[in-house]
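Here's the structure we're looking at; comments come further down.
Nothing in this text is a laboratory measurement; each read-out follows from the coordinates by a stated rule. Keep in mind that this is a model prediction, so the values were computed, not measured. Ideal geometry is used to build each Cβ from the backbone, glycine not excepted, and the neighbour counts take in all protein chains shown.
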Amino acid sequence: MAAAASVKAALQVAEALESIVSCCVGPDGRQVLCTKPTGEVLLSRDGGRLLQALHLEHPIARMMVACVSNHLRKAGDGAKTFIIFLSHLLRGLHAIPDQENGSLVSENSQTLGRHWKNCCRWKFISQALLTFQTQILDYVMDEYLSRHFLSIFSSSTKERTLCRNSLELLLEAYFCGRVGRNNHNLISQLMCDYLFKCVAREGGFEEVFELVGDCFVELNVGVTGLPVSDSRIVAGLVLHRDFSGYCPADGDIRIALVTETIQPIFSTSGSEFILNSEAQFRASQFWIMERTKAIMKHLQSQNVKLLLSSVKQPDSVIFYARLNDISVVECLSSEEVSLIQRVIDLSPCVLPQASSRCEISNTAVVKFCKPLVLRSKRYVHLGLISKCSFAPHCLVLCGPVQGLVEQHKDALHGAFKMLRQLFKHLDLNYLTQASDQNYTSSPLIYKNSRESNQLPEIVNGSLQRPYQGTVVKNKDKLAKPQTYLKVYSNLVVPSIELEKHFPCSTPKVTPMDTYQTNETLRCLSPNKTGIIDYGEPFPESNSANSTTENTRIKISYENLQVTKIAGKGSMLPVRYKSREMCSSRSYCFSSIPAGSVLPVGGNFEILLHFYLLNYAKICQQSEEATVGVIVANALLGIPKILHKSKKGNYSFPQMYVRALHALQSGQPMGSRQTGLESVVGKYQLLTSVLQCLTKILTIDLVINIKRQPQEICDQDSEEEL
Amino acid sequence: MSRLEAKKPSLCKSEPLTSERVRATLSVLKGIVTSCYGPSGRLKQLHNGLGGCVCTTSQSSALLANLSVTHPILKILTTAMQNHVSCFSDCGLFTAILCCNLIENVQRIGLTPTTVMKLNKHLLRLCISYLKSEVCGCRIPVDFSSTQILLCLVRSILTSKPACMLTRKEIDHVSALILRTFLLTIPENTEDHIILGKSIIVPLKGQRVIDSTVLPGILIEMSEIQFVKLLPVKKPGSLKVALFCASLSGDLSDTGEGTVVVSYGVSLENAVLDQLLNLGRQLVSDHVDLVMCQKVIHPSLKQFLSMHHVIAIDRVGVALMEPLSKVTGTRPIGSLGSVSPSTYGSVKDWCTAKFGFKHFFHLIPNEATVCSLLLCNRSDTAWDELKVTCQTALHVLQLTLKEPSVLLGGGCTETHLAAYIRHKTCNEPESILKDEGCTQTELQLITEAFCSALESLAGSLEHDGGEILTDLKYGHFWSVQADSPSIVNWSNLLSRCGCGLRNSQEELSWSFLRSTCHPFAPQTCLPHEAAGSANNLTLDCFTAKLNGLQVAVETANLILDLSYVIEDKN
């Protein structure tokens, strides 16, 4: 059975999901109770977990959930925002088709059925979305949004030191959306303390985040039956098991790690042990015992007081260990072993098989080793002395029910993931040429800007970059010529349909660049009259472009003009020219610096909304503009939900108007919210959603197969062979 | 072959608390726990239609463990209570009732969950800081130089469990026993930190409760035949003891993953038996008098030992190993090789004893903190209940040792606390309003809900239709029998308050608990002599009640915060 996939269906699905997740979004979000098939109950505000718990059947819904979990694996946060944003986008797309019908559907498709026509149209949109995501979004982020970014590092020093205050704000905002309303303060404080306790030396944050993120399960202990406020941090490592044999010890305690049984066994797998007489049996038993004894004696002589084993040891090993005052912990999981190895750099002892003498050199010193009793359960508590920048500490998480403890564990784990992402640079790259094409400006703006010099806002930043470099190199601050230059260069691109002009744009850029370089050079001598001269030919060429269809001729004419000016300009070194040409064609690499944050509460969304709308206003290609507007409006959905319960001055419309006003007048956006959130996380979310949307739009049919999946068909084919 | 099956979609319900079904089940649960509460609480008979024995109880631990709840919200509630009980043993019903009351009251006023949770948490903080403060009027510091308060505490716990079926005299007897047991586990020469010993409860069903007793050392039950055999061995004085944790049954140890080929005519059993007998010879030559083994001793070895007048006791079980090694000072031996003399221990004396129809081997230690509480009760179910109660009491005593204070029982703490909170929020609302950003009305509503939850918790101690009063000076709990004349001089009708600290002749004025009375400041600061002099107080464990209060409010908040329930139907 096949069902036509449509935006409408996807929208219905997304809205259903939205209604569930939107109740848990933000600081006012509420909890959801999930039951497992085993009967356990789980509390959650984690969007990813909720979506998975629903076990959705609808194919589009399942696809969305898959996209969300993909995103979560990468970023660790943002599942709820994902769904909300997606449904707003779909709503936006669903609303446009009527006006846009003609412009987007090509003529050939009219002969096909209506559904196919729709699909074709959606495909165009999805392509536009993809272009938007890969090119415009990065550009807008880099050019406009980046100036609003705050950093989580304290700015006073050159080195990257984490500012405790901002970290607290960041974590609090994160936990606001993740744990129950009464507990987020407590949990974020706990996490903050934990982080600062775990970082042994300055600047080792990345390493700690990585280690804690990898081994979080081993670094926390859940205790039920106590109030959440009893959660605390304990120094050292807590192993989730009890001693098999415990002998109290203090002072210089050394530990050894083994991965095999210490007592030799009669025969290993694959071998055969032949017993010929009872005496032989007795002798071999005696030898085994003596050997175990000898190893333990040796360990004791090495001052080993604790033996960690990843396997179960026979009873007699524990007995001899106790005789020699050695405590034993057995059955450590491989994760625990690897954590211990990472922290204290201890490799397991290798026990020589044959010789009766053994040398155990791999031991490490621990501060203490004692049992820890938490709610009548006993744990092993080790005071490891760290060899890396992670000072081992464990979190004891308390809660009245297991479900709540689990929720806090998940949230903390997610927070570490989020911090790890935050501490990475995120590369933004976009094609400068492409942005040239996308960028169109009318002559009107050009004229205005010539007088008022306000254009930097709408100027293509990718072009700005190399020139800034040149100027700085020459130690000359020539802001004004630069501005004109940019305006000028942008105007070269004609404001006519994208598809038709695409092939021509390449030759156009080349001469333009020669001109620019030329001018930069000329500007070194403060000669301002020249600039006006250069500007003159352009309105002429532009108007020609827009009125006539025969662009090829015009372009050649324009090229001629430009080169002529360039020649007139004066001795332009060829070497210089070619380099500039290269840079104008190549990708522009930039990045969101590590640790970039923005105030929480929809700031990112409103900023991006504002700049996208601005961008769309000056963008004359309807497709780009439409996509830009849709994305911009969909972005508003998130602050709308966040401010849903606020009244009066803090209600969404009020806040929105104030923010826009502030942005237009160039003032800082006054934010009442005190929390911070990661920009990288938001950016990744945005790209993930757009990718998901393109995926949804490109599907035209959903085919329902009622057959057992996998294996069965494989078997058939084998039989045939 | 594994079969893949499509997962069934989950069931998702919004606003679960508003559904009629949830409300009904919540109120059923509340009815069950409320009716069990207190000394006059009603008993519940739990019987599983699929088998198992019938259980008569009024204790939260037994009740909640046996109830099968299906709705996820109830599951959250009951597991929270069970977790609390497994941590603190006491105050399970208190927690459950308070939680149910809070949910019910808050739902009735219909404020947004955010405000409710914030304010509930704030009120909880107020309660905790008051209960922990010096001026607290319902907390008594424990003086360990006298047993008075501890005895009252134990007695209150026993009294509040009617399913133990004890008379007044029996309660006195058992509470004295429990206190003695507890004192026996405290080591005499204390170092910087105390490690408490262990008390073992030995069952003796079908006997009179008065026959219960506590003995230092360990009682090991044995059959009559063994008992008779032991009698002639009897010689006075200390014994040298060997304690084995390895099996002495002669079975082969693990031979590894490979194969072991045994040639024809070679008998490994004989080899092992030889080894065992060698061990026996060594034990005899070392003058060991008593051999105990966690697992099985081979009959030949047993025979050999008894021939040499060595007492052999096997199948001791893993639970007794730790106390045994403590009592005898041995290290459990884990190998059949030669035994080093350092692993032997000793006991001061031993004797055989017969209690009821059971025979015991009694080890009397030199100096150890292990004791056995021989607990008798008439029927199985009553014994089970009594055992849990004893464990609770012992745990509560341990908790009290850690945090040496107790709370007034009998409902007085709850009414006093409610009066304090009412007064506090009425007179100093500014600080709360500023901190939490809510309106005065909201605060009043929530305070009313919170306090009336506490008060109706105290009120559920009364099951016989009596009236409940509170005095307007101390804020204590007073109950009047049903069908008393309507307008009387209260001071003649009442005798003592719920905890027994106040009597009615102190020129107090009373009002009905559920009537709306003007908030008053309950007198704080207990007079010192009051705590010392009164010998018949009803007391509650401080740590357990404090935790119960916190868990109840947190759980209620959690449940009130739920907006969806997603049930996995797989």
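For a Förster distance of 35 Å, can you work out the FRET efficiency between the beta-carbons of A:Lys646 and B:Glu20, rounded to the nearest 0.05? The partial results should precede the final answer.
Details: r = 32 Å, r/R0 = 0.92.
FRET efficiency, A:Lys646 to B:Glu20: 0.60.
Rounding to the nearest 20 debye, state how big the charge dipole of the range B:416-456 is about its Cα centre with +1 on each Lys and Arg Cβ and -1 on each Asp and Glu Cβ.
100 debye
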Given labels modelled 7 Å from the Cα in the Cβ direction, how far is it in nm from B:Glu257 to B:Glu428?
6.9 nm
Selection from B:Ala65, B:Thr79, B:Ser14 lying farthest towards where the dipole of the range B:1-91 points positive, charges on Cβ
B:Ser14
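Counting Lys and Arg as +1 and Asp and Glu as -1, each charge on the Cβ, what is the dipole of the range A:160-229 about the Cα centre in debye, to the nearest 20?
Around 280 debye, computed over the range A:160-229.
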If unit charges are put on Cβ atoms (+1 for Lys and Arg, -1 for Asp and Glu) and the dipole of chain B is taken about its Cα centre, the option from B:Asn120, B:Ala393, B:Val288 lying farthest towards the positive end turns out to be B:Val288
Hey, what angle do you get for helix B:380-402 against the long axis of chain B, alpha-carbon based, 0 to 90 degrees rounded to 10?
80 degrees
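Dipole magnitude of the range B:270-319 about its Cα centre, charges +1 at Lys/Arg Cβ and -1 at Asp/Glu Cβ only, in debye to the nearest 20?
Working: 4 positive and 4 negative charges, 30 e Å.
So the dipole magnitude of the range B:270-319 works out to roughly 140 debye.
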On a 0 to 90 degree scale, rounded to 10, what angle separates helix B:318-328 from the longest Cα axis of chain B?
80 degrees
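Looking at the range B:274-427, what % of its DSSP beta bridges pair antiparallel, to the nearest 5?
Numbers: 7 of 10 bridges.
The antiparallel fraction comes to roughly 70 percent.
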As an exercise, use a Förster radius of 41 Å and the Cβ-Cβ distance of B:Arg315 and A:Val350 to find the FRET efficiency, rounded to the nearest 0.05.
0.55
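With a 10 Å Cβ neighbour count serving as the proxy for reagent exposure, in which order, fewest first, do B:Trp490, A:Trp122 appear? Intermediate values should be presented prior to the final figure.
Working: B:Trp490 17, A:Trp122 23.
Taking fewest neighbouring Cβ atoms as first place, the list is B:Trp490, A:Trp122.
Quick one: work out the % antiparallel among DSSP beta bridges in the range B:201-359, nearest 5. Each step should come with its number before you reach the end.
Numbers: 6 of 15 bridges.
Among the beta bridges of the range B:201-359, antiparallel pairing accounts for roughly 40 percent.
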For each pair in A:Lys74/A:Lys695; A:Lys370/B:Lys295; A:Lys8/A:Lys640, compute the distance between the two Cα atoms and list the pairs where it is over 25 Å.
A:Lys370/B:Lys295
Between helix B:268-285 and chain B, what is the angle of the helix's C-alpha long axis to the longest principal axis, kept within 0 to 90° and rounded to the nearest 10?
80 degrees
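Determine the alpha carbon to alpha carbon distance for each of A:Lys377/B:Lys161; B:Lys161/B:Lys569; A:Lys377/B:Lys30; A:Lys377/B:Lys118; A:Lys293/B:Lys240; A:Lys36/B:Lys30 and list only those over 29 Å.
On the way: A:Lys377/B:Lys161 27 Å; B:Lys161/B:Lys569 39 Å; A:Lys377/B:Lys30 31 Å; A:Lys377/B:Lys118 33 Å; A:Lys293/B:Lys240 25 Å; A:Lys36/B:Lys30 25 Å.
Pairs exceeding 29 Å: B:Lys161/B:Lys569; A:Lys377/B:Lys30; A:Lys377/B:Lys118.
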Members of B:Lys229/B:Lys302; B:Lys424/B:Lys473; B:Lys198/B:Lys387; B:Lys424/B:Lys545 lying beyond 19 Å, as alpha-carbon distances in this model show:
B:Lys424/B:Lys545
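Exposed loop GluC sites (Glu not before Pro) only (DSSP loop, at most 14 other Cβ atoms within 10 Å): please give the longest stretch of chain B free of them, not including the sites.
Numbers: sites that count: B:Glu5, B:Glu134, B:Glu188, B:Glu191, B:Glu257, B:Glu367, B:Glu506, B:Glu507.
Maximal segment without exposed cleavage sites: B:368-505.
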By DSSP, what percent of the beta bridges with both residues in chain B are antiparallel, rounded to the nearest 5?
70 percent
Can you list residues from other chains, or at least 5 along the same chain, whose modelled amide H is less than 5 Å from the amide H of A:Val380?
A:Leu239, A:Arg241, A:Leu372
